[in-house]
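Read-outs throughout are calculated quantities, based only on the coordinates presented, and are distinct from any laboratory measurement. Bear in mind the structure is a predicted one, so any value in this text is a computation, not a measurement. Here the Cβ positions follow ideal geometry from the backbone for every residue, glycine too, while neighbour counts run over all protein chains shown.
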Amino acid sequence: MPLKVDHMTLLVSSLVKSMPYYDKLLNLIGFKKIRDYVWTDEDGFFIQFNQAKDGTSEYERYGAGMNHIGFCAPTPEFVTDVQKQMKEAGFLVPETQHRDGGVALFMKDPDGIRFEITYYPPGMAVVD
């Protein structure tokens with residue numbers, strides 16, 4: 001049996017700049033804040049945030065390492081609602097992308113780390 005992914009730790013250049021973004025986004029997609037800088041889906045998965053060390057390199061989208069984090073939305077309307085609420089909260093949010101009945105939203109945090117919220121219609125592959 002494959003092991004279950006149970007947590008992810010994101011290092012950000014500024015907790016002060018990044019946490020308002022994540023507080024809004026993670027609440028919108030159903031995560032619960034259990035203490036400063038730690039969120040859970042209440043199904044055994046945790047996201048933790050820590051301050052990156054001074055002098056370390058910045059995140060690079062196509063550099064070695066993580067490219068983006070994807071979350072599956074229950075409906076197309078869920079995706080557009082997240083987009084709307086993030087915009088209303090003052091964050092820069094791009095337009096949604098539509099393909100073969102799927103609806104995707106790719107947003108960047110203050111460090112450029114990309115988050116994907118996508119509705120996949122039945123039969124659509126999550127990754128190509």
Using only Cα atoms, tell me the angle between helix 76-88 and the longest principal axis of the chain; keep it within 0 to 90° and round to the nearest 10.
-> 40 degrees
Distance in nm between D128 and H68 label points, each 7 Å along Cα→Cβ, equals 1.2 nm
DSSP-defined antiparallel bridges as percent of all bridges, the stretch 11-118, nearest 5 = 65 percent
In the structure shown, of K33/K84; K24/K84; K24/K87; K84/K108, the pairs separated by more than 18 angstrom at the C-alpha atoms are K33/K84
Hey, quick one: spin label on E58, modelled 7 Å out along Cα-Cβ, who in the stretch 1-21 has an amide N within reach, i.e. under 14 Å?
-> 13-14
Just one of (1) 15.0, 46; (2) 13.6, 40; (3) 13.8, 43 is Rg and Dmax of the Cα atoms in Å calculated from these coordinates, so which is it?
-> (1)
What dipole magnitude, in Debye to the nearest 20, does the stretch 20-128 give about its Cα centre under +1 on Lys/Arg Cβ and -1 on Asp/Glu Cβ?
-> 120 debye
With runs of 4+ DSSP H residues as the only contributors, calculate the mean residue ellipticity of the chain at 222 nm using -39,500 (n - 2.57) per run, divided by the residue total and rounded to the nearest 500.
-> -6500 deg cm²/dmol
On a 0 to 90° scale, report how tilted helix 15-28 is relative to the longest principal axis of the chain, with both axes built from alpha carbons and the result rounded to the nearest 10.
-> 30 degrees
Between the alpha-carbon centers of the stretch 68-96 and the stretch 1-36, tell me the distance in whole angstrom.
-> 16 Å
